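Q: What follows is a structure written as structure tokens; I'll ask about it next.
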Amino acid sequence: MAAQWQRESSEGEDEAEPVEVEHDEEAADTMVARLRDVEHSIQAVERRISFKNRGHQTSSPSSTPRRERRRREAEDSGSSENSTSSDDSGIDRRLSIDEEDGKHYQKKRNKSKSLAKKLSRARSKSLGLIFGEKPAAPLFGTSYLNREWEIVTVKEMCRRLSLDEIDHIEMPIPEGAKSSQILDELMIRQVMEILPARAEGYPWVNIYNSEKHGFSLATLYRKMAEFDEDMSPVLLIIRDINEHVFGAIVSSPIRPQEGYSGTGDSCLLWRFTGEVPHTRELRHYTWTGDNQYFTNATRESLSIGAGGGHQGLWLDADLNHGRSQKCETFDNEPLTGDKEDFIIQFVEAYGFRM
């Protein structure tokens with residue numbers, strides 16, 4: 001509010017420069033209170049004038065002091081007509097100033113309230129809280145299925161979260177993985193990348209070791225039966241006498257049964273190219289979808305992958321001889337290179353403590 005004040009000097013009257021005065025809400029409330037006081041004063045003056053003109057009298061004895069007071073006030077009003085008129089003019093002047101100030105602050109308050117309402121409405125609209133309006137897009141995608149969890153690989157999780165820097169972070173080797181007598185640390189890290197999602201990061205458990213338990217398929221089955229993680233995939237690692245390192249991943253512990261078993265999402269063949277100590281590049285062969293000949297475990301042999309009269313990986317009952325051919329299940333190349341037949345030097349089987 002801007003108010004102009006006039007000051008008188010000893011030499012004459014000079015106009016004072018306008019002074020900007022800032023008020024807050026408390027000042028506005030004080031101004032409104034002053035305005036009410038002025039209104040009450042005006043009403044009191046009007047009542048006194050009305051009583052004087054009409055000669056208002058009250059016959060009630062209890063109102064005698066009040067009647068005498070009003071009479072004296074009416075008598076005094078004649079003698080103080082000049083002072084009353086000057087007071088009224090001052091009141092009118094203050095009233096006009098106060099009314100202007102009140103309107104100014106009322107405008108500012110109304111503008112602030114309007115802005116607050118607009119901001120609140122915009123926020124509510126963005127959250128879809130306004131009745132009859134919908135959010136621009138569903139919070140968790142367009143599917144209305146109740147997906148409480150999903151198994152994904154670590155790489156897929158990082159891709160979804162756009163964690164590009166995760167590529168520069170070296171994942172720790174799981175507990176028990178370094179106990180392998182065939183795989184070194186670099187080979188273990190490469191094998192970690194092809195494990196099924198439900199096995200990633202879990203400790204490795206050595207179920208079978210040919211050097212410790214002997215070369216026997218029956219012993220391998222017995223050790224698998226003792227393993228208590230029925231839902232764990234199994235990593236089969238083989239090294240032949242020509243230093244080829246290869247193997248398979250199957251969906252569950254291997255146990256003798258009729259026909260083939262397993263699932264395509266957690267069954268594959270793999271091999272390292274080259275020979276020890278230059279065995280470094282890992283190649284793996286996943287399910288093609290042409291058939292479901294995943295794992296066939298019998299007392300006479302163990303077969304993983306088949307089709308067209310060929311077997312992706314075949315081992316005899318003594319875990320001595322084996323064969324690897326291109327098969328329809330995985331569309332793999334022979335795991336031992338040019339020769340399909342091989343002689344086993346070492347066999348390991350790992351499960352995962354889930």
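Q: If I ask for residues that are outside any loop (DSSP other than H, G, I, E, B), of a type in the set (D, E, K, R) and under 36 Å from the mean Cα position of the chain (by Cα), which ones from segment 187-231 would you list? Spell out how you get there, then give the answer.
A: Here is the first cut: in segment 187-231, the ones outside any loop (DSSP other than H, G, I, E, B) are 187-192, 197-199, 204-213, 217-226.
Still in the list and also of a type in the set (D, E, K, R): 189, 198, 211-212, 222-223, 226.
Selection gives Arg189, Arg198.
Q: Could you tell me how many of the residues in segment 226-238 are within 19 Å of Glu211 (Cα to Cα) and open to solvent by 10 Å² or more (accessible area, probe 1.4 Å)? Write out each step before concluding.
A: Let us first name the residues in segment 226-238 that are within 19 Å of Glu211 (Cα to Cα), namely 226-227, 234-238.
If we keep only those that are open to solvent by 10 Å² or more (accessible area, probe 1.4 Å) as well, we get 226-227.
Count: 2.
Conditions (1) among the hydrophobic types (A, V, I, L, M, F, W, C); (2) over 18 Å from Ile254 (Cα atoms), marked per residue:
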| residue | (1), (2) |
| --- | --- |
| Leu269 | yes, no |
| Gly289 | no, yes |
| Phe294 | yes, no |
| Ala297 | yes, no |
| Ser301 | no, no |
| Asp316 | no, no |
| Asp341 | no, yes |
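Q: Filter segment 200-225 down to residues that are over 17 Å from Ser180 (Cα atoms) and free of Cβ contacts under 8 Å to residues at least 40 places away in the same chain and give me whichever is most open to solvent (accessible area, probe 1.4 Å).
A: It comes out as Arg222.
Q: Under the condition of being closer than 18 Å to Ser266 by Cβ and open to solvent by 20 Å² or more (accessible area, probe 1.4 Å), which residue from segment 300-354 is modelled with the lowest pLDDT?
A: Narrowing segment 300-354 to residues closer than 18 Å to Ser266 by Cβ: 302-306, 312-313, 327, 329-332, 349-354.
With the extra rule that they be open to solvent by 20 Å² or more (accessible area, probe 1.4 Å), the set shrinks to 331, 353-354.
Values: Asp331: 95, Arg353: 93, Met354: 83.
Step by step, filter segment 300-354, then rank; the result is Met354.
The values are calculated or read from the model by the stated rules, or taken from the named source; none is laboratory data. Just so it is clear, the structure is predicted and the values come from calculations on it, not from any experiment. Every residue, glycine as well, gets a Cβ built from its backbone with ideal geometry; the counts of neighbours run over all protein chains shown. Only protein heavy atoms, including side chains, enter the accessible area calculation; ligands, DNA and RNA are left aside. Shrake-Rupley method; radii C 1.70, N 1.55, O 1.52, S 1.80 Å.
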